[in-house]
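So the structure is just underneath, and the comments pick up after that.
The values are calculated or read from the model by the stated rules, or taken from the named source; none is laboratory data. Source: prediction; values computed, not measured. Cβ atoms come from the backbone with ideal geometry, glycine included; neighbour counts cover every protein chain shown. When the accessible area is computed, the model is the full protein with side chains, heavy atoms only, and any ligands, DNA or RNA have been set aside. Shrake-Rupley method; radii C 1.70, N 1.55, O 1.52, S 1.80 Å.
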Amino acid sequence: MKIQETSLRRDPDLRGELAFLARGCDFVLPSRFKKRLKSYQQQQEIQSKPEKRPITPPASPDPVEVTVVPATRTPSPPPAPVIVTPPPPAINIPRFYFPRGLTVIGSSPNHDAAIATIESAFTEFEDEKADIYEMGKIAKACGCPLYWKAPMFYAAGGERTGFVSVHSFIATWRKLLHSCHDDASRFISLLAKPGCNFLEQEDFIPLLQDIVDTHPGLTFLKDAPEFHSRYITTVIQRIYYVVNRSWSGRITTTELRRSNFLQTLALLEEEDDINQITDYFSYEHFYVIYCKFWELDTDHDLYIDLKDLSRYNDHASSNRIIERLFSGAVTRGNAVQREGRMSYAEFVWFLISEEDKKIPTSIEYWYRCMDVDGDGVLSMFELEYFYEEQCERMERMGIEPLPFQDLLCQMLDLVKPENLGRITLSDLKRCRMAHIFFDTFFNLEKYLDHEQRDPFAMQKDIDSEGPEPSDWDKYASEEYEILVAEETANEQLHEGSFDDDYDLEEMHVLGDIGNKMEKLVISDLTA
């Protein structure tokens, strides 16, 4: 007997009986086998009924076709075309950054015409070679101000030979025309060291030495060469004070474009009286700065220490702000902080900042000094730190100081900071009353002067928009007249002519300041 049901082989009793049947044993009754086989099949049907229900579809074949066809035979959608599509060609951002000036299309003919003009100018000189004094004609032929002649001379290699040939200058100027497209970039390219796109302080020395040697308003300095370097140092510091807004010690093309230096330099050839050009080059301003430094520098080594500087203006500035000046907050390098002394160049920055606290560099100068912890904001603790010394000084003078809480309310109303409880540099620049704010905390004399002034008059001065001289220009003019009067009085005293007509003589000297400059330099500064 052959059984095809594999499930029967899994029953242990059936497996035993099947084995006996296979060996030919006849004691297994067929009827028993049939009964057991039937009962086993019934059990299998009962167990398999719940598993077969979802498999056997009781419905008609039509719904079966509806459910099966969409699930198995629907074609897949094609890939999205967005991935393949390139970006639209309409996006075209034109160039907007020109570090060497805006290029002018079709400027080659103008370059050729400029080169021809320069070649024609060189024909006036012997062997078509020009020295530094003759380079003025070449500068004008190039369409540049007169006092570009020294930078042109040195850029073309004139320092090595003492003259510039037409071929060397044409090669230099042609290269400059093709690479630089405005005055600022050309000026920096002429003065800067090879491979540099910025100007450092020593780069200005050839330019300023030529101005000292050739400007008609400075001819009296020919007899006092020891003051050439000091005048040049003063002018360089004033240039960086105004132009170098980044405080980096390097003047970039962008900073030069935003300043008025090139325009002021061009005015030198039009004005014989250099004192009329109060920006950068005024000799009167240099004279005032140097005399103030000379009074403090008792040993005349061109350095002053903390005690020397504290004597400025009869100890008007507080000791705490003087200490901050020597802490390196507003000076480059570690010499001031390490050696505890200030050079003449650093004193130029101090004096201009002290006498004119309205200009941006001055605001930044004193803000750095007051920001003791260097976090970029002035906290109420820092304000109280500086005001404590002011209160002590007023008490010694018999003046009752204003409590700090009341003063703080006044200062917050004055500055109107964006965030209450902290004053930023932007707040002080925006309020236009930074000079009152700073004087309140570290200059007692000016603070008391502000307290006695009419507040409406102060507001009128702030709101005035006319071309009024700056505080620095006013200070330098007044101090120069005082210094001239003192010098004249000393001369008359030594000559024995100090009599009742001194006032008339003083008025005559003040009206003829320009003719007295040479005598002032030699007699006062060489003491």
| field | Farthest toward positive dipole pole in the stretch 173-256 [+1 Lys/Arg, -1 Asp/Glu at C-beta], among V242, H181, I205 | value | H181
| query | Of H315, H228, which has the most accessible area with a 1.4 Å probe, and how do the rest follow in descending order? | reply | H315, H228
| field | Accessible area of D413 in the full protein assembly, 1.4 Å probe (Å², nearest 10) | value | 100 Å²
| said: Quick check on my link table: of K149/K193; K307/K429; K140/K222; K307/K358; K193/K222; K446/K474, which ones sit more than 19 Å apart, alpha carbon to alpha carbon? | reply: K307/K429; K140/K222; K307/K358; K193/K222
| remark: Computed ³J(HN,Hα) along the stretch 164-171: with the Karplus parameters 6.51/-1.76/1.60, θ = phi - 60°, integer Hz and x for glycine or proline, the list is 10, 7, 5, 6, 5, 6, 4, 5
| said: Not counting ligands, DNA or RNA, and with a 1.4 Å probe, what is W472's accessible surface area in Å² rounded to the nearest 10? | reply: 10 Å²
| query | Over the stretch 261-394, what relative contact order in percent results from Cα pairs under 8 Å that are six or more residues apart? | reply | 17 percent
| Sequence-distant or interchain residues sharing an amide H contact under 5 Å with D305, placed H: which? | M342
| Which Cα, out of F326, F347, L414, lies furthest along the positive dipole direction of the stretch 320-449 (beta carbon charges, K/R +1, D/E -1)? | F347
| message | Between E400 and E495, what is 0.36 nm times their sequence separation minus the Cα-Cα distance? Round to one decimal in nm. | response | 29.3 nm
| query | Counting alpha carbon pairs within less than 8 Å and at least 6 residues apart, what relative contact order, in whole percent, applies to the stretch 95-245? | reply | 20 percent
| note | Rh (Kirkwood, all Cα-Cα pairs) for the stretch 126-220, Å, reads 13.7 Å
| note | To the nearest Å², the heavy-atom accessible area per residue of the stretch 304-368 with 1.4 Å probe amounts to 38 Å²
| task | Counting only C-alpha contacts under 8 Å and six or more residues apart, can you give the relative contact order of the stretch 185-293 as a whole percent? | result | 25 percent
| Which percent of the Cα-Cα distances in the stretch 228-272 go past 17 Å? | 40 percent
